[in-house]
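Only the coordinates and a few stated rules stand behind these numbers; no lab work does. No experiment lies behind these values; they were computed from the predicted model shown. Here the Cβ positions follow ideal geometry from the backbone for every residue, glycine too, while neighbour counts run over all protein chains shown.
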Amino acid sequence: MSVDISAKAKKATVVFTTPSVEGASQAILTGEWDNWEVWAMKKGKDGAFSVKLSVDLGKSYQFGYSIDGRWYNDDTLPFVTSPFGTSNSILDLTNVAAEKEEAKPATKTIAKTAEKPAAAKKTACKK
């Protein structure tokens, strides 16, 4: 299982991915970031399930996956025992810094002054 994080401003975009479980037909993700709401995960061609969420930075969250009704934690992250006798993974975003926006090169605005060539002055010629 894996979690990929990219952070901007005060949010992290997190992609949660389960391993491929033979014969699995559905998976959900649930966690503390939204009071354990259920997020359906999309099955990929390789049989793994994934979902992308936006989560607040600066906090630590417990979460887990349910694949065909069986609870899984993410073995790439620390975990704690839940009150239900299972394990919950810990997504720790307390020390994740938001990416700085790349500085855009300064652009100079050059005022265009439409200068017309000076018109030739007509001078009266006496004949």
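How many residues are among the β-branched types (V, I, T), under 23 Å from Q26 (Cα atoms) and either surrounded by 15 or more Cβ atoms within 10 Å (Cβ to Cβ) or free of Cβ contacts under 8 Å to residues at least 40 places away in the same chain (or both) when one looks only at region 56-95?
Here the count works out to 3.
Restricting the search to region 40-51, which residues are touching a Phe, Trp or Tyr at 6+ places or on another chain (Cβ under 8 Å) and either under 12 Å from F16 (Cβ atoms) or not in a strand (DSSP E or B) (or both)?
M41, K42, F49, S50, V51
Answer yes or no: is there a residue in region 76-90 that is under 18 Å from E22 (Cβ atoms), under 21 Å from the mean Cα position of the chain (by Cα) and not β-branched (V, I, T).
No, that holds for no residue.
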